[in-house]
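Colleague: Sending over a structure as structure tokens; questions will come in a sec.
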């Protein structure tokens, strides 16, 4: 269990209870995580097949972890947005990852570019985004058009055991990955990838894999800093690596369709995802996250 917990909701937009009915339109430009597949058609089917798979195991079951007492509302959090167990895990990661990039963006990347702070949106059912209407089945994702990270907590809490992900850092790895996409957006990498995909559509999936693996590596860079600040405990990194492996395209394809089709990968294999997270974690250097040089 990490020490990264928070009841601070200052970077959280809580839209739960505001979602409407009807089907989602898909998310052009959306960068869903952790489950691979194109948003819209096949993505929804994969997510529905994996319902009741993920979160209680991530958090070790239904009870509150040791060291976390009964939730209390506060002046900064009157609605209780960050009070439950999973909310504290997500809110803590949101703040910790954001503060890391605010502090380390310029040292990591140099130049005169400045990090743009952003927020995480909690929603239920459906919500409108800069990338279209999102539904729970989309999974956690980052929208580069409005610079926001989206989580449907109700959907997360239906995903339980098949992926075999354990520990707080499994959830927080997802947050760090999505904020890695935000870093890419600030740097202009996402726009460059979209342009490259349009110029070279036959390699569109390879560009997508490189983008996703770089976000995994950037998540590892943050985890390196969290460990140096004594925010992690024994076994946390192994849990994050297990989470990265569990959401590899090959693992998901094997579980959902009984066969592996590398030509359809959009996020990378289990080995690739774990390897790039390890590279970011072991180096603590975003300059080592050169996935486009090695994947393409």
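The values are calculated or read from the model by the stated rules, or taken from the named source; none is laboratory data. None of the values given here were measured: they were computed from a predicted structure. All Cβ positions, even for glycine, are placed from backbone atoms using ideal geometry, and neighbour counts span all protein chains on display.
Colleague: Can you tell me which condition residue 146 does not meet? The list is (1) more than 27 Å from residue 274 (Cβ to Cβ); (2) modelled with pLDDT under 95; (3) part of a loop (DSSP other than H, G, I, E, B); (4) within 19 Å of the chain's Cα centre (by Cα), and all the others hold.
Modeller: (2)
Colleague: How many of the residues in the range 252-265 are surrounded by fewer than 20 Cβ atoms within 10 Å (Cβ to Cβ) and either within 20 Å of the chain's Cα centre (by Cα) or not in a helix (DSSP H, G or I) (or both)? Spell out the reasoning first.
Modeller: Going residue by residue through the range 252-265, those that are surrounded by fewer than 20 Cβ atoms within 10 Å (Cβ to Cβ) are 254-264.
Retained after the next criterion (residues that are either within 20 Å of the chain's Cα centre (by Cα) or not in a helix (DSSP H, G or I) (or both)): 258-261.
Within the range 252-265, residues that are surrounded by fewer than 20 Cβ atoms within 10 Å (Cβ to Cβ) and either within 20 Å of the chain's Cα centre (by Cα) or not in a helix (DSSP H, G or I) (or both) number 4.
Colleague: Take the conditions in a loop (DSSP other than H, G, I, E, B) and buried (at least 22 other Cβ atoms within 10 Å of the Cβ) and apply them to residue 268. Does it pass?
Modeller: It is true that residue 268 is in a loop (DSSP other than H, G, I, E, B) and buried (at least 22 other Cβ atoms within 10 Å of the Cβ).
Colleague: I would also like to ask the following. Can you work out which of the residues in the range 178-206 that are crowded, with 24+ Cβ neighbours inside 10 Å and touching a residue at least 60 places away in the same chain (Cβ under 8 Å) is farthest from residue 280 (Cα to Cα)?
Modeller: Per the stated criteria, the residue is 182.
Colleague: Quick check: anything in the range 274-282 out of contact with any strand residue (DSSP E or B) (no Cβ under 8 Å at 6 or more places or on another chain) and within 21 Å of residue 111 (Cα to Cα)?
Modeller: Yes, the range 274-282 contains a residue that is out of contact with any strand residue (DSSP E or B) (no Cβ under 8 Å at 6 or more places or on another chain) and within 21 Å of residue 111 (Cα to Cα).
Colleague: Tell me which residues, restricted to the range 271-296, are at pLDDT below 95 and part of a loop (DSSP other than H, G, I, E, B).
Modeller: Within the range 271-296, just 296 meets the criteria.
Colleague: I need the full set of residues from the range 187-240 which are within 19 Å of residue 100 (Cβ to Cβ) and part of a loop (DSSP other than H, G, I, E, B), in order please.
Modeller: Passing the criteria: 229, 230, 231, 232, 233.
Colleague: Out of the strands (runs of 3 or more DSSP E) lying entirely within the range 101-140, which hold 2 or more residues that are surrounded by 15 or more Cβ atoms within 10 Å (Cβ to Cβ) and more than 16 Å from the chain's Cα centre (by Cα)?
Modeller: In the range 101-140, the matching strands (runs of 3 or more DSSP E) lie at 126-129, 132-135.
Colleague: Of the residues 92, 60, which single one is over 16 Å from the mean Cα position of the chain (by Cα) and either modelled with pLDDT of 95 or more or at positive phi (or both)?
Modeller: Selected residue: 60, the only one of 92, 60 that is over 16 Å from the mean Cα position of the chain (by Cα) and either modelled with pLDDT of 95 or more or at positive phi (or both).
Colleague: For residue 243, only one of the following conditions fails: (1) under 21 Å from residue 97 (Cβ atoms); (2) outside any loop (DSSP other than H, G, I, E, B); (3) at pLDDT 95 or above. What is its number?
Modeller: For residue 243, the failing item is (3).
Colleague: Counting only residues that are within 17 Å of residue 178 (Cβ to Cβ) and touching a helix residue (DSSP H, G or I) at 6+ places or on another chain (Cβ under 9 Å), how many does the range 104-128 have?
Modeller: Residues that pass the stated criteria total 9.
Colleague: On the phi < 0 side of the Ramachandran plot, crowded, with 23+ Cβ neighbours inside 10 Å and touching a strand residue (DSSP E or B) at 6+ places or on another chain (Cβ under 9 Å) - does that describe any residue in the range 216-236?
Modeller: Looking through the range 216-236, none of the residues is on the phi < 0 side of the Ramachandran plot, crowded, with 23+ Cβ neighbours inside 10 Å and touching a strand residue (DSSP E or B) at 6+ places or on another chain (Cβ under 9 Å).
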